[in-house]
Amino acid sequence: MTKKIGILTSGGDCGGLNAVIRAATYRAINKYGWKVYGIREGTIGLMRDPLDVIELKLNHFDGNLMRMGGTFLGTSNKGNPFRYRKKNGIVVDLSSKIIRGFNKLKLDALIGIGGDGSLKILQAITKKGNIKFVGIPKTIDNDVISNELSIGYDTAVDVATNALDMLQPTAASHRRAMILEVMGRDAGHIALNAGIAGGADIILIPEIGYSLKSIAKHIEKIRSNGRNHALIIVAESVRKENGSKALIKYVDGQVRLGGIGSYLRDEIYKRTGSETRVT
């Protein structure tokens with residue numbers, strides 16, 4: 001009998017996801033003659049009634065789709081289905097509903113493309129449901145354990161490096177210190193590698209401590225050597241000098257990392273008098 005596999009993307013979006021879906025689909029159909037079902041919006045597609053899935057065919061993957069960012073299947077990074085909080089505040093376990101959706105499709109295995117949080121959840125669900133599972137590491141943060149390079153990371157570094165290139169002429173024109181705050185969650189890989197590639201004067205990552213005094217001293221040294229501007233790149237999870245996290249609270253109640261660039265902007269201005277901007 002023809003085998004059937006499902007594929008989904010979970011967690012944040014990034015570059016390369018559509019190319020991964022295409023590669024898995026092409027291999028499954030051309031090499032093995034399997035049927036492939038794309039599950040929309042991560043595990044949410046398995047909880048809907050009717051199930052929100054699409055049978056993937058080779059003609060879905062034209063040249064344009066493979067070059068599109070994000071994921072055409074959609075994704076979700078809200079909540080843990082084992083501890084899903086309803087609008088009334090009650091916490092419920094939806095994992096069995098996901099497993100029922102998988103079994104209703106009569107799939108033989110599942111491919112999940114996700115970061116460390118998504119893969120942990122998918123691993124737990126598939127273990128509970130006795131589902132054959134292949135996890136593909138995908139995260140711009142590049143922080144999946146035992147994995148050297150994840151889908152999306154290379155694109156993120158390229159974009160951050162390009163941002164430094166774009167900021168440099170304006171920094172020089174206006175005699176500014178320009179701060180670029182980049183993502184990465186608790187890891188500094190994007191800031192470190194983009195900073196080296198883009199020629200940043202100061203690179204701040206959560207893995208290595210810093211002092212505002214040393215940053216100001218380095219900017220003054222740059223000035224004394226005849227250059228009127230500086231480039232600074234900082235990872236979003238770098239803490240303030242007192243050890244507290246820089247956080248942003250959104251109107252829907254979510255609290256996320258962000259704002260360390262603005263903190264540094266104000267502190268650098270106080271210590272050096274340099275006009276400082278943050279991107």
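The values are calculated or read from the model by the stated rules, or taken from the named source; none is laboratory data. Quantities reported herein were computed from a predicted structural model and do not represent experimental measurements. All Cβ positions, even for glycine, are placed from backbone atoms using ideal geometry, and neighbour counts span all protein chains on display. Remember, those area values only see protein heavy atoms, side chains included, never the ligands or the DNA or RNA. Shrake-Rupley method; radii C 1.70, N 1.55, O 1.52, S 1.80 Å.
Each residue of the stretch 220-236 was assigned a 3J(HN,Hα) from its phi angle through the Karplus expression (A = 6.51, B = -1.76, C = 1.60, θ = phi - 60°), giving 5, 5, 4, 4, 5, 8, x, 9, 9, 8, 8, 10, 10, 10, 9, 6, 4 Hz with x at Gly and Pro.
Amide H contacts of Val278: Ile179, each under 5 Å away and 5 or more positions distant or on a separate chain (H built 1.01 Å from N in the peptide plane; Pro and chain starts excluded).
Name the residues of the stretch 122-162 whose amide N is less than 19 Å from a point 7 angstrom out from the Cα of Ile248 along the C-beta direction? Answer for this model: 140-141, 156-157, 159-161.
Across the options Ala172, Leu46, Tyr263, the greatest Cα extent toward the positive end of the charge dipole of the chain (unit charges at beta carbon of Lys, Arg, Asp, Glu) belongs to Leu46. Quick one: of Lys87/Lys245; Lys213/Lys270; Lys57/Lys106; Lys120/Lys249; Lys3/Lys57; Lys78/Lys106, which pairs are farther than 22 Å apart, Cα to Cα? Flagged as over cut-off: Lys87/Lys245; Lys120/Lys249; Lys78/Lys106.
Measuring only protein heavy atoms, the 1.4 Å probe finds Val92 accessible over about 40 Å². Backbone geometry of the stretch 141-158 corresponds, through the Karplus equation with coefficients 6.51, -1.76 and 1.60 at θ = phi - 60°, to 3J(HN,Hα) couplings of 5, 6, 10, 7, 4, 6, 10, 7, 8, 9, 4, x, 5, 4, 5, 4, 5, 4 Hz, x marking Gly and Pro. In plain terms, the chain from Asn130 to Val159 could stretch by 6.5 nm, reckoned as 0.36 nm per residue minus the Cα-Cα distance.
Given the stretch 1-144, what percent of its DSSP beta bridges are antiparallel, to the nearest 5? Close to 30 percent. Per-residue accessible area (protein heavy atoms, 1.4 Å probe) orders His229, His174, His189 as His174, His189, His229, starting from the largest.
Normalised by the number of residues in the chain, what is the relative contact order in percent for Cα pairs under 8 Å and 6+ residues apart?
Relative contact order here is 15 percent.
Find how much the distance from Met166 to Asp266 grows on full extension, using 0.36 nm per residue of separation minus their present alpha carbon separation; answer in nm with one decimal.
This chain segment gains 33.8 nm when fully extended.
Length gained on full extension, Arg175 to Asp108: 18.0 nm, using 0.36 nm per residue less the C-alpha separation. Annotation: Glu181 carries an accessible surface of approximately 50 Å², with a 1.4 Å probe and no ligand, DNA or RNA atoms counted. Taking the DSSP beta bridges with both ends in the chain, the antiparallel portion is around 25 percent.
Accessible surface of Tyr269, taken over heavy atoms with a 1.4 Å probe and every protein chain present, rounds to 130 Å². Using the 1.4 Å probe convention, the accessible area of the chain works out to 55 Å² per residue with neighbouring protein chains retained.
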